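For reference, the structure is listed below as structure tokens.
The values are calculated or read from the model by the stated rules, or taken from the named source; none is laboratory data. Quick caveat, the model's predicted, so the values are computed rather than measured. Reconstructed Cβ throughout: ideal geometry from the backbone, glycine too, with neighbour counts over all protein chains shown. The area values use the complete protein model at the heavy-atom level, side chains included, leaving out ligands, DNA and RNA. Shrake-Rupley method; radii C 1.70, N 1.55, O 1.52, S 1.80 Å.
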Amino acid sequence: MSSSDEGLRDTGLDSVRLHDWLSRTWDHKRGLVGWFSTVDHKVIGRRYIITALFFLALGGLAAAIMRLQLARPENTIVGPDLYNQLFSMHGTTMMFLFAVPVMEAFAIYLVPLMVGTRAIAFPRLNAFSYYVFLMGGLMMWIAFAFNTGAEAGWFSYVPLAGPEFSPGKRTDFWAQMITFTEVAALSVAVVVIVTVFKQRAPGMTLNRIPLFVWSELVTSFVVLFAMPAVMMASTMLILDRLVGTHFFNPAEGGDALLWQHLFWFFGHPEVYIIFLPATGMVSAILPAFTRCPVFGYTAIVLSLIATGFLAFGLWVHHMFVAGLPQLGSSFFTASSMVIAIPSGIQIFCWIATLWLGSPVYRTPLLFVLGFIVIFVLGGLTGVMAAAVPIDAQIHDSYFIVAHFHYVLVGGAVFPLVGAIYYWYPKATGRMMSERLGRWHFALAFITFNAAFFPMHILGLAGMPRRVYTYPAEAGWSAMNLVVSLASLAFAFSFVLLAWNMMRSLRHGTPAGPNPWTAGTLEWATPSPPPPYNFARIPVIDNVEPLWRGNGSPAGEVSGLRVDARELLVTTLTEAMPDLREPSPADSIWPLLAAVAVGATFFGSIFTPWAVIWGLGPVAVTLIGWFWPKGAPEDE
Amino acid sequence: MPDRPDLDLSHLPTAGFGSRSAITWGTYGFILLEATGFALAIGAYFYLQSRSSEWPLGVIPPDLEPGTILTLAMLASLVPNHFIKAFARNHRVQAVRLGLVLMSVVGVALLVIRALEFAVLNVRWDTNAYGSIIWLLLALHTLHLLTDVADTIVLTALIFTRHGHKKRRLGDVEDNGVYWDFVVWSWLPIYAVIYWVPRW
């Protein structure tokens, strides 16, 4: 046997010594360097979630200022230039800095716990992705503070975003922020896929994977195929702007619609990148509060996969008024309607679960019910907008604003908030206040509908999107005032959430390992989970392994090292034990690499030579990252 | 939980090759997303071509020689690359070392030829959209070529240290070889698009 096969094993260790050894091996070091060096997926996941919620607050503030401006006709709180930046920053922030990262962050925190492993795959890449994401988001908002915010909408259409109509650096910051966030998102996608493929607990065959994990797996594949499109597009845009290429310049053989095709080839799957994890959250919350496994497990998995595929066949429905051939439009109308089928199947499965189970109406379930109502409404207006003649009428109107807020807030934010209430006890060890949670739900549900339902009517009445004001004679004043008041109240509902989260951190009732008596593996470990996740890796024989007679998994694994970070690697489909692979130790190098990459991207906004200068530091930090340093995990 | 562990896994090996190992799946993941990037760039090329009445836009196609020589050399490099992967699997460290030195030299030579390619494209990136897209295609592939050559050189240095005998490091050699295969095979459609589509 080689030296790497030696080392202290867990076999025969009693639970106290096991805990001591595993803590010593897996915990990160104290102090600033330790703080920046940790690769623990729970720590990184928590930072991701908090950062994404911080950007949600910034994006929400931008929305609140817009609604103040629109509360009255011909209002003068902000002018057209700032308004352009506000709606661009709002949309960009919500999509790129909040929704996608927060959904991936839940995967980072939960997937390793739910599949029963000690760490995420490629934990240093995971940490790297967080720092890149953080820098990209901060860069864009700091630029905004210096009056250099994005100004051409969250999809930055050319020629509006091109060198001619968007001079200065505003759109360059937008385009490079895209590069930052997509590098982060793509890294996380690979990390999640490999964790699910190779690190599942023994016995977790494909048909025993928790539905939330399935949803994050499918989402990660959608990310792999969708995100390169927007990176390509934003790279072309910044090249057009900075070095004089002509991708989107019709005068020199370029084409503005190329931007739209590339952007929406990413942009439509993006909706499902946000929505699919939310459906996974619903499928995780429902069984815990109905005491009944989700109805139609196989149907839901197939629906998730079908949605993932169909997501790539819809992009042109964002371009119905761009003058494309009619046959093409008809095809995309049909495909846009087809995708309602798998989503419909999921909704019927959830209703059946509620029907068959005995629902306990706690806050997480309330948000799931709110989701079902709001998302169905948004889905219905989606089927309407999929028809070319209707789309031609309502395009660029507030009807579309209403539609996508119903789909995105209803379809993603409501399940997300439910998920926060549901998994908060796991992450912190304390329950959130149920009473405050119910008030929060009631306020959020009522004010969301009060804010966004009238937008349908405003749109049908002709109010266009992205106008900084409107004349009193248009007859939209009363409804806009209602929308603005309700929006502010909706924003306040998030203050309740934030207050509940902060207060419960100290004053919440201790949760214990499994406060909801749920069935999946993350509840088999203490709350909050120790750095090593599981003292012994569980063996499972069921999709809800904790719902067996005695409330614990079918068995446990022994023979793993405790004096070095070691993971159990299993086979792809059957999850049979195959290898004991080391898991990388903490390292400062992912942060340094992220700083080098970030400085390169940032510098490239000002000079293309930054890419050349950046090569050296990037190479040095990557070598520092990968070069073995004699830790037992490197051997 | 019961105190009695059920499944003793102390006999499991600590490293494996190919699809058994997590790192290989990570490599596949990155290959998949980068291949998507190449496919989209090629798609953008044909989209721009379809929007133009003449192609290439008022310039002559790139000279064939450097690109063709590079293509043949890259295809030839698949042979030593294949053997290095096999040597790594069979734990033949000396053979791996020699092979990696060879691949490092080949890689640097390929980068030199690649530099010549840029010189004979016969169009600048800022001349027109045709120039922009072929510069983008070539630069995108060069980024991958450069990355893998740098990776190969670092790996060569690593494998000459005491780490060279570790099974995990030999797994890294295999993954580097898998990535090299991708760099070579992904070049073929790009070569066809840059050099032959304008001649049709």
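Summarising the strand pairing of the protein assembly as shown, around 85 percent of its internal DSSP beta bridges are antiparallel. Compared with its chain on its own, segment A:246-290 contains the following residues whose accessible area drops by 50 Å² or more in the full protein assembly (probe 1.4 Å; ligands, DNA and RNA excluded): A:HIS246, A:PHE247, A:GLY253, A:ASP255, A:LEU258. When only Cα pairs below 8 angstrom with a gap of at least 6 residues are kept, segment B:22-199 shows a relative contact order of 36 percent. Ligands, DNA and RNA aside, A:LEU58 has an accessible area near 40 Å² when probed at 1.4 Å. Between A:ALA387 and A:LEU356, the contour length at 0.36 nm per residue exceeds the Cα-Cα span by 7.6 nm.
With Cα atoms defining each centre, segment B:102-138 and segment A:290-321 are spaced 42 Å apart in the structure. Accessible-area rank, largest first, for A:ASP81, A:ASP240: A:ASP81, A:ASP240, with all protein chains present and a 1.4 angstrom probe.
Partner shielding of A:226-237 amounts to 4, given as the average count of beta-carbon atoms from other chains within 10 Å of each residue beta-carbon.
Interface A-B: total buried accessible area of about 4900 Å², 1.4 Å probe, protein heavy atoms only. Shielding value for B:29-41 is 6, the average number of Cβ atoms from other chains within 10 Å of each residue's Cβ. The label-point distance for A:ALA489 and A:ASP396, in a model that sets each label 7 Å from Cα toward Cβ, rounds to 3.3 nm. Note down the accessible area of A:LYS169, probe 1.4 Å, to the nearest 10 Å². Accessible surface of A:LYS169 is approximately 70 Å². Note on A:VAL33 and A:ASP563: with the Förster distance fixed at 25 Å, the Cβ-Cβ geometry gives a FRET efficiency of about 0.65. Listed by chain and number, the lysines placed with their C-alpha closer than 21 angstrom to that of A:LYS29 are A:LYS42, A:LYS629; residues fewer than eight positions away on the same chain are left out. With all pairs of separate Cα atoms included, segment B:22-199 yields a Kirkwood hydrodynamic radius of 17.3 Å. Sparsely packed loop sites in segment A:338-428 (the chymotrypsin sites (Phe, Trp or Tyr not before Pro) outside DSSP H, G, I, E and B with at most 15 other Cβ atoms within 10 Å) comprise A:TYR361. In this label model, A:ILE612 and B:ARG162 are separated by 4.2 nm, measuring between points 7 Å along each Cα→Cβ vector. For the protein assembly as shown, the solvent-accessible area of protein heavy atoms averages 37 Å² per residue (probe radius 1.4 Å; ligands and nucleic acids excluded). Take the Cβ atoms of A:GLU473 and A:ASN75, set R0 to 22 Å, and the FRET efficiency comes out at 0.90. Per-residue accessible area (protein heavy atoms, 1.4 Å probe) orders A:TRP609, A:TRP547, B:TRP196 as A:TRP609, B:TRP196, A:TRP547, starting from the largest.
The fraction of accessible area contributed by carbon and sulfur in chain A is 71 percent, rounded to a whole number (1.4 Å probe; ligands and nucleic acids excluded). Accessible surface comparison of B:TYR47, B:TYR28, B:TYR195, A:TYR424, probe 1.4 Å, protein chains only, largest first: the order is B:TYR28, B:TYR47, A:TYR424, B:TYR195. Give, in nm to one decimal, the length gained when the segment between A:ARG466 and A:ALA631 is fully stretched (0.36 nm per residue of separation minus the Cα-Cα distance). Here the answer is 53.8 nm. Helix A:123-145 and the long axis of chain A differ in direction by around 30°, with both axes built from C-alpha atoms.
In segment A:562-581, comparing the full protein assembly with the chain on its own, the residues that lose 40 Å² or more of accessible surface at a 1.4 Å probe are A:PRO577, A:ASP578, A:LEU579, A:ARG580, A:GLU581. Phi-derived couplings, Karplus 6.51 cos²θ - 1.76 cosθ + 1.60 at θ = phi - 60°, listed residue by residue for segment B:111-127: 5, 5, 4, 4, 4, 5, 4, 4, 6, 10, 5, 6, 7, 8, 5, 9, 6 Hz, with x used for Gly and Pro.
Compared with the dominant principal axis of the Cα atoms in chain A, helix A:434-460 is inclined by about 30°. The magnitude of the dipole of segment A:80-175, with charges of +1 and -1 set on the Cβ of Lys/Arg and Asp/Glu and taken from the Cα centre, is near 400 debye. For A:THR573, the accessible area of its heavy atoms, probed at 1.4 Å with every protein chain present, is near 70 square angstrom.
With respect to chain A, whose longest principal axis is taken over its alpha-carbon atoms, helix A:414-428 is tilted by about 30°. About its Cα centre, the dipole of the protein assembly as shown is roughly 1620 debye, where the only charges are +1 on Lys and Arg Cβ and -1 on Asp and Glu Cβ. Mean per-residue shielding of peptide B:123-132 is 6, counting Cβ atoms of other chains within 10 Å of each Cβ. Within the accessible area of segment B:22-199, the carbon and sulfur atoms contribute 71%, probe 1.4 Å, all protein chains present.
Applying 1/(1 + (r/R0)^6) with r as the Cβ-Cβ distance of A:LEU436 and A:ARG291 and R0 = 30 angstrom yields a FRET efficiency of 0.75.
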